[in-house]
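First up is the structure itself, then whatever we jot down about it.
The values are calculated or read from the model by the stated rules, or taken from the named source; none is laboratory data. Since the structure is predicted, the reported quantities are computational estimates derived from the model, not experimental observations. Backbone-built Cβ (ideal geometry, glycine too); neighbour counts: all protein chains shown.
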Amino acid sequence: MELSKPQTVSTDSVTAPLRFPAFRRIWSAGLLAYLGILIQFVGAAWAMTQMTSSADKVALVTTALMLPVVLLSMPAGAIADMHDRRIVTLVALAIALCGATALTVLDWFGRITPNLLLALCFVVGSGMALMNPAWRSSISEQVPAEALPAAVALDGISYNIARSFGPAIGGIVVATAGAVAAFALNALLYLPLVLALFLWKRVLEPSPLPREQLTRAIVSGVRYITNSPSLKIVLTRTMVTGVIGGSISALMPLVARDLLQGGAQTYGIMLGAFGLGAIIGALCIGEMRKRMSGEAAVRAWTLSMGGAIAAVALSRQPVLTATALVLAGAMWMMTFTVFNIGVQLSAPRWVAGRSLAAYQTALSGGMAIGSWGWGRLTDAADIELALLVSAALMVLSPLLGLWLPMPRISARDEDAELLDDLEVRLPLTGCSGPLVVEIEYRVAPESARAFHNVMQDVQLSRQRNGAYGWSVARDIVDTELWTERYHCPTWLDYLRQRNRSTQSERAMDQQAVAFHVGPAPVRIRRMLERPFGAMSWKEDVPDRKGDGPLPPRQETLGVAP
């Protein structure tokens with residue numbers, strides 16, 4: 001992969017990742033792509049306000065752009081982990097480019113309707129949904145691990161630089177040349193990113209094992225997330241905050257039109273104020289992370305965001321509204337950057353795309369649901385009440401931290417080295433299975449409780465990497481004897497499972513092994529559950545060394561089973 005020149009990187013500087021050529025080119029081109037997306041959003045939202053007076057329809061523009069992320073993110077994340085992330089990103093850009101081009105052509109000929117506008121926004125959103133996991137998970141391939149938090153923050157900065165200037169530019173473009181110009185400009189601004197990706201000489205690291213099927217890869221990603229407590233907490237907090245805070249982006253056109261009595265330019269300026277605040281927040285995130293824990297920071301930022309949303313609801317002066325939106329943007333950016341960093345540092349490389357897809361699903365799903373809900377509430381009552389309800393819920397949201405406190409994550413858990421190949425004497429194929437693994441420990445009775453507690457963490461480790469049917473049992477006669485047992489669907493799944501462990505998971509295995517007090521090492525049995533129906537069986541098949549069939553495999557535990 002293209003990491004060059006500086007041998008040391010100061011992680012204190014948010015600009016440190018820009019020293020790496022691949023990241024610098026893609027980041028700069030991505031800034032232009034973000035700019036185009038925001039310009040199109042302004043054009044689409046304002047075009048909808050011109051075609052209909054329904055707040056529901058206006059809010060659905062945000063939903064149409066965000067809903068594909070909810071529906072497609074997990075397949076997109078699996079595709080990003082299975083294939084060349086550069087190629088996946090290029091294909092996704094082509095889809096978004098087609099949607100933007102179609103919007104331009106149809107609006108040019110006056111054929112656009114509210115439903116058609118929403119449908120094509122959905123197409124553009126689908127391209128972005130496919131692109132985001134591949135693009136964002138490739139950041140770790142463009143910079144070294146110590147620069148990853150700064151690179152994640154920079155990615156947020158690029159979006160919010162675009163958010164600061166894009167809406168204002170979009171408002172000017174729409175006011176002077178109409179929504180069609182905004183759609184056309186978006187299509188053109190995708191092209192620099194296409195070029196930057198072509199120039200990235202990504203070095204593929206071939207896997208020693210065949211690629212998973214898409215459905216199996218999706219299941220693997222879901223299984224990893226459901227067995228990862230830290231990821232589940234971050235994703236839950238992300239979705240709740242997205243639902244509540246989705247009122248800002250969904251109702252911004254109505255804030256400009258109804259509360260401030262403005263036009264497209266006012267709308268663009270208000271979005272620009274929010275984006276400016278987000279840039280300020282991104283520049284401050286490094287220092288704030290040093291001073292506060294994740295939970296304390298999220299608590300402070302969401303309380304401040306709630307106050308800012310209330311100010312937007314009550315203000316009728318553009319200057320006061322813009323000031324409140326600068327504060328809201330800074331709080332929004334810092335909160336979701338902490339969530340994003342938490343996901344990126346929690347997930348190992350093999351499931352990075354799927355974990356980021358889950359994060360995007362949580363954020364975009366929350367915003368899509370929130371946008372629809374805030375639009376419905378505005379239709380039923382008014383925009384001021386909807387924003388005040390959003391502010392009140394945001395102020396109450398830190399209470400969630402009493403139940404789901406933010407995990408402490410300081411550095412990425414690096415992948416462990418690949419384990420040595422196993423000696424196998426049955427003629428297995430990749431589809432042979434299920435595999436049953438039994439691991440026997442001898443534990444002193446006085447250490448039984450502590451050992452059992454460690455094994456609860458081992459259970460999560462095994463299950464998120466591919467095992468199922470996990471159990472641990474204690475012999476009722478020989479009270480020192482404990483047996484851990486789990487299944488893997490096939491021989492190939494087992495090989496994947498044993499090599500997916502991170503360094504901390506390997507250390508956890510060693511912690512369990514440290515309880516072993518027997519005269520012989522810990523023993524592992526690996527057994528084929530259906531030996532006559534799960535492989536190409538021939539009577540009296542010799543093993544690979546010609547020694548004939550053997551009883552179930554027994555061996556001592558080295559680093560991991």
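Checking Val454, Val389 one by one, the residue that is under 26 Å from Glu505 (Cα atoms) and either assigned to a loop (DSSP other than H, G, I, E, B) or over 22 Å from the mean Cα position of the chain (by Cα) (or both) is Val454 and no other. The C-beta contact set for the stretch 373-401 (first residue at negative phi, second residue outside any helix (DSSP H, G or I), distance under 8 angstrom, 6+ apart or interchain) comprises Asp379/Ser54. Among the residues making up the stretch 458-492, a single one is modelled with pLDDT under 95, closer than 17 Å to Val443 by Cα and of a type in the set (S, T, N, Q): Thr479.
For the stretch 138-157, which positions are closer than 18 Å to Lys201 by Cβ and assigned to a helix (DSSP H, G or I)? Let's see the steps before the verdict.
Restricting attention to the stretch 138-157, the residues satisfying the condition of being closer than 18 Å to Lys201 by Cβ are 138-144.
Those that are closer than 18 Å to Lys201 by Cβ and assigned to a helix (DSSP H, G or I): Ile139, Ser140, Glu141, Gln142.
The criterion of at least 3 residues that are crowded, with 22+ Cβ neighbours inside 10 Å is met, among helices (runs of 4 or more DSSP H) falling completely within the stretch 168-262, by 179-189, 214-226, 229-254. Out of everything in the stretch 465-519 that is free of Cβ contacts under 8 Å to residues at least 40 places away in the same chain and in a helix (DSSP H, G or I), what residue ends up being farthest from the chain's Cα centre (by Cα)? Checked the stretch 465-519; the qualifying residue farthest from the chain's Cα centre (by Cα) is Ala507. When you scan the stretch 99-118, do you find a residue that is surrounded by fewer than 19 Cβ atoms within 10 Å (Cβ to Cβ) and of a type in the set (D, E, K, R), even just one? Yes.
When we screen Val91, Val123 for residues that are touching a Gly at 6+ places or on another chain (Cβ under 6 Å) and surrounded by fewer than 24 Cβ atoms within 10 Å (Cβ to Cβ), the only hit is Val123.
For the stretch 263-319, the candidate set comprises residues that are part of a helix (DSSP H, G or I) and hydroxyl-bearing (Ser, Thr, Tyr); within that set, the residue that is nearest to Ala162 (Cα to Cα) is Tyr267.
Considering each of Arg376, Arg349 in turn, give the residue that is surrounded by fewer than 18 Cβ atoms within 10 Å (Cβ to Cβ) and under 21 Å from the mean Cα position of the chain (by Cα).
Values: Arg376 fails: under 21 Å from the mean Cα position of the chain (by Cα).
Answer to the selection: Arg349.
The single residue among Ala520, Ala450, Ala507, Ala444 that is under 30 Å from Ser355 (Cα atoms), surrounded by fewer than 17 Cβ atoms within 10 Å (Cβ to Cβ), not hydroxyl-bearing (Ser, Thr, Tyr) and not assigned by TED's automatic domain parsing to the domain that holds Arg354 turns out to be Ala507.
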